[in-house]
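What follows is one structure encoded as structure tokens, with my remarks underneath.
The values are calculated or read from the model by the stated rules, or taken from the named source; none is laboratory data. Source: prediction; values computed, not measured. Counting neighbours? That spans all protein chains shown, and the Cβs are built from the backbone with ideal geometry, glycine included.
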Amino acid sequence: MLVTITPRDRIPVNNVSIHISGSIEDQEYFQSILAENPALHGAPLHHGEYESIKSTLSARAVENGYFTARFLRSEIQIDLSAYEAGISIDFEPGARYSFGEITIEPVPGFSTEFINSLVILKSGEPYSSERLLSQRNNLDESRYFRQVNVSPQLSQANQEAVPVIISLVPRARNAWSTGIGFTTDTGPRVRAAYENRYINTIGHHLNSDLALSPVRSQINVGYVIPLSDPVKESVSIGTGYVTESTDTFDSDRFKIETAYRRESDSGWLETYSIDFLRDDFTIDLQQDIVTLTMLGFSLSKTQADDLIFPSKGWHLFGQVRGASDAIVSDTTFVQFYGSAKGIINFGPGRFLGKLELGSTWIEDPVDLPASVRFFAGGDQSLRGYKYRSLGPVNANNEVIGGEHLLTGSVEYDFPVKNNWRGAVFFDGGNAFSNQEFDWKQSVGVGMRWLSPIGPIRVDLAHAMSDDGGMRLHITMGPDL
């Protein structure tokens, strides 16, 4: 038997009726969901898209506490004589449930009041899976707990209220860590750290670290006091000692710092600080000791699709700090520093860009200690040059650092094989004083290995200025 089939054009949908019942608020919410889905009217009939809209309505209803939602009607009508199709959907969300009693199981080592300050869910607010996830993330980000369970008790719902049980298992109170590493800026490095994650029942914690390398060594101790919103707001008090010896300067500095940090609802981290610094430095054959009491403010934010290896994202940081000889300081100055990083996909790889800007207002630049002057060059600055080897020079052509900074970098990396990527880059800029800007630049190639803890980079850079040669740079850490 021979069957001949002659297909006609796909039947169009010429009549779509989607009705949402309930309150005006409920109708507006579900209509916004429909706006996100493909338009059915006038398009060829596609049963999958019809089912997709139904599935989306059902899923969003459950996620937002409409547990009795149902379809009063859902059908496709086909009129072959008119050669058209129609879709009718009547959706009844029903009552929206709310969160009922929030029960927090006792947590050893913490007071009830402190644990309550970490809870953002409120009894009586509309049920939302997104709010449950935010609560879990809030507890995770506090870094006090190794296990977090936020469990809605749907089977115990009563009078359209869903009770929630929060159970937490604290992390170990004390943590020690050690490590070794290497960068071409500072050479081999040995590091040790100790952290007391909760000194008392209200979440105060202590952190300290020691890092030793041929170029830069430091020891720091910090005490952090969480405030009313422990995840987003804290006060810290710290002290530390840094010794640094480069081709351009030597510096031994002692600092005491206090800072208030707050993360806004939009994700910006604000830091207000008061730092006391005593810098014993030698530069330009000049040895001096400078004491500064600096007031500072910084603002930063990172946004990316992946914090370890983003395909797109950005990071912004800005800082203003200054001192006055009227307030326990040997000099008066105001300094600004800002940096911007960005990543976008392009072709098979990514473009990575970076810009650094800095400027200092001071009567006599000689009064600035080495640790507050701007230098360029190194792994994180202009590759192809030594660490902090670029800047204004004296009469003997020795780099002495400057009041201003302008550097930038453009890089393109691309996949090679498995977790290996290749890269080409251009860096340019310099630190400078109020005299003429001496533009330096470099180009290079590199390889990246995408390790579980972030990219490890090996770059070979050629300094294009001053008849510079080739220099190897090895670094690791996130791109933003």
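Assorted remarks:
Let's see how each residue does on (1) closer than 16 Å to Ala259 by Cα; (2) among the aromatic types (Phe, Trp, Tyr); (3) part of a loop (DSSP other than H, G, I, E, B):
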| residue | (1), (2), (3) |
| --- | --- |
| Phe276 | yes, yes, no |
| Asp280 | no, no, no |
| Asp288 | no, no, no |
| Thr293 | yes, no, no |
| Phe297 | yes, yes, no |
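Okay, residues lined up against (1) modelled with pLDDT of 95 or more; (2) surrounded by 15 or more Cβ atoms within 10 Å (Cβ to Cβ); (3) farther than 30 Å from Pro369 by Cα:
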| site | (1), (2), (3) |
| --- | --- |
| Ile166 | yes, yes, yes |
| Asn174 | yes, no, yes |
| Thr186 | no, yes, no |
| Arg189 | no, yes, no |
| Leu210 | yes, yes, no |
| Pro214 | no, no, no |
| Gln218 | yes, yes, no |
| Ile237 | yes, no, no |
| Thr246 | no, yes, no |
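- Among residues of the range 92-143, those that are without any contact (Cβ under 8 Å) to a residue 60 or more places away in the chain and under 29 Å from the mean Cα position of the chain (by Cα), counted: 16
- Selection within the range 309-335 - of a type in the set (A, V, I, L, M, F, W, C) and farther than 13 Å from Met294 by Cβ: Phe309, Trp314, Leu316, Phe317, Ala326
- For the range 361-378, filtering for residues that are buried (at least 21 other Cβ atoms within 10 Å of the Cβ) and either touching a helix residue (DSSP H, G or I) at 6+ places or on another chain (Cβ under 7 Å) or not aliphatic (A, V, I, L, M) (or both) leaves 6.
- Condition broken by Asp438, with the remaining ones in (1) in contact with a His (Cβ under 9 Å, 6 or more places away or on another chain); (2) more than 19 Å from Phe182 (Cβ to Cβ) satisfied: (1)
- Considering only residues in the range 253-265 that are surrounded by 16 or more Cβ atoms within 10 Å (Cβ to Cβ) and touching a Lys or Arg at 6+ places or on another chain (Cβ under 9 Å), the one that is nearest to Asp279 (Cα to Cα) turns out to be Arg253.
- Asn200 vs. criteria surrounded by 15 or more Cβ atoms within 10 Å (Cβ to Cβ), over 22 Å from Leu472 (Cα atoms) and of a type outside the set (Phe, Trp, Tyr): no
- Selection of first residues in the range 248-268 that are closer than 19 Å to Asp185 by Cα and of second residues that are aliphatic (A, V, I, L, M), restricted to Cβ pairs under 6 Å at least 6 apart or on distinct chains, gives the following pairs, ordered by first then second residue: Thr248/Val399; Phe249/Ile283; Phe249/Ala370; Ser251/Ala370.
- Yes/no for Ile20 being surrounded by 12 or more Cβ atoms within 10 Å (Cβ to Cβ) and in contact with a helix residue (DSSP H, G or I) (Cβ under 6 Å, 6 or more places away or on another chain): yes
- Extreme residue, farthest from the chain's Cα centre (by Cα), among residues of the range 218-250 that are under 22 Å from Val399 (Cα atoms) and polar (S, T, N, Q): Thr248
- Any hit, the range 379-400, residues being part of a loop (DSSP other than H, G, I, E, B), of a type in the set (Lys, Arg) and in contact with a strand residue (DSSP E or B) (Cβ under 6 Å, 6 or more places away or on another chain): yes
- Residue match in the range 68-91 (condition: within 35 Å of the chain's Cα centre (by Cα) and either polar (S, T, N, Q) or within 30 Å of Asn196 (Cα to Cα) (or both)): no
Each row is one residue, and each column tells you yes or no for (1) farther than 22 Å from Leu285 by Cα; (2) not basic (Lys, Arg).
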| residue | (1), (2) |
| --- | --- |
| Gly377 | no, yes |
| Ser381 | yes, yes |
| Lys386 | no, no |
| Glu398 | no, yes |
| Gly408 | yes, yes |
| Tyr412 | yes, yes |
| Asn419 | yes, yes |
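- Residues of the range 239-263 that turn out to be under 25 Å from Leu139 (Cα atoms) and out of contact with any Ser or Thr (no Cβ under 6 Å at 6 or more places or on another chain), as a count: 3
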